[in-house]
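Inspection log for the structure reproduced underneath, given as structure tokens.
The values are calculated or read from the model by the stated rules, or taken from the named source; none is laboratory data. These figures come from a predicted structure and were not determined experimentally. Don't worry about glycine lacking a Cβ; one is built from the backbone with ideal geometry, like all the others, and counts go over all protein chains shown. Just the protein is used for accessible areas: all its heavy atoms, side chains included, with ligands, DNA and RNA removed. Shrake-Rupley method; radii C 1.70, N 1.55, O 1.52, S 1.80 Å.
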Amino acid sequence: GYTSTGSCESAITYIDGDVGELLYRGYPIEQLAEKSHFLEVAYLLLYGELPTAAQLEDFESRVTNHTMLHEQMAYFFRGFRRDAHPMAIGCGTMGAMSAFHHDSTDITDAWQREVATIRMIAKMPTIVAWAFKYSIGQPFVYPKNSLDYASNFLNMCFAVPATDYVVDPILSTAMDRIFTLHADHEQNASTSTVRLASSSGANPFACIAAGIASLWGPAHGGAN
């Protein structure tokens, strides 16, 4: 039974919270936080090894070119109350992505899994930033391909049409390290939830929406 949430051993991440140890594919989190950035770490987690310069450039390009949401998605946000919990919005809109990306919903197809993965990494900052903008009554800010991953997220959160917004590089670096630290935490509750949902053959977007629902619980951080 689920007396704890770990249903298997992770070959990706090792974590020991009591001693403050976190390893991604064998690399200490301190080393990755100092010498790498989030998308490089995401590549490491996905493919098992750090990318070459060419591989990283290709990966970053693919993520950057998938950051926009389908324009129809904006209506999903407007269907929520302004005081809706951001996790409710995140869970709902992530699940709804399966209705817009029919070419990447078959988990038995390796290429479709790859495309779905890139799309979710790329679009999650946009979803979260738009949920924040909606809650404070400000217009949505579209992603900018000229910005790095963390800077793009901050720009979508805090830029407004009325004035120019320049991302503070210190804040951008801090946000990137937060993303890196939270990228994977072994076989925790949300990971187990995603694996359980996917075992039924559900599409990747629905499975990640289930993981968001699990992460929402106060015993799992209450929505990091």
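Couple of notes before you dig in:
- Qualifying residue in region 56-64 (condition: exposed (fewer than 14 other Cβ atoms within 10 Å of the Cβ), at pLDDT 95 or above, farther than 23 Å from R195 by Cβ and of a type in the set (G, A, S)): yes
- Scan of region 194-216 for residues that are aliphatic (A, V, I, L, M) and closer than 22 Å to S10 by Cβ, ordered by number: V194, L196, A197, A202, I208, A209, A210, I212, A213, L215
- Exclusive hit being closer than 29 Å to A174 by Cα, among the acidic types (D, E) and assigned to a loop (DSSP other than H, G, I, E, B), set D106, D83: D83
- Only one entry in V141, V128, V115 is assigned to a loop (DSSP other than H, G, I, E, B) and of a type outside the set (K, R), namely V141.
- In region 163-185, the condition of being in a helix (DSSP H, G or I), within 27 Å of E30 (Cβ to Cβ), aliphatic (A, V, I, L, M) and open to solvent by less than 30 Å² (accessible area, probe 1.4 Å) is met by no residue.
- Test result for A84, more than 18 Å from R195 (Cβ to Cβ) and either crowded, with 19+ Cβ neighbours inside 10 Å or of a type in the set (A, V, I, L, M) (or both): yes
- Any hit, region 90-109, residues being over 24 Å from L154 (Cβ atoms), open to solvent by 70 Å² or more (accessible area, probe 1.4 Å) and at pLDDT 95 or above: no
- Residues that are surrounded by fewer than 12 Cβ atoms within 10 Å (Cβ to Cβ), charged (D, E, K, R) and under 20 Å from the mean Cα position of the chain (by Cα) do occur in region 67-76, at least one of them.
- Within region 116-143, the only residue that satisfies the criterion of being within 17 Å of the chain's Cα centre (by Cα), free of Cβ contacts under 8 Å to residues at least 40 places away in the same chain and surrounded by fewer than 20 Cβ atoms within 10 Å (Cβ to Cβ) is M124.
- Any hit, region 144-155, residues being touching a Pro at 6+ places or on another chain (Cβ under 9 Å), open to solvent by 70 Å² or more (accessible area, probe 1.4 Å) and over 30 Å from A197 (Cα atoms): no
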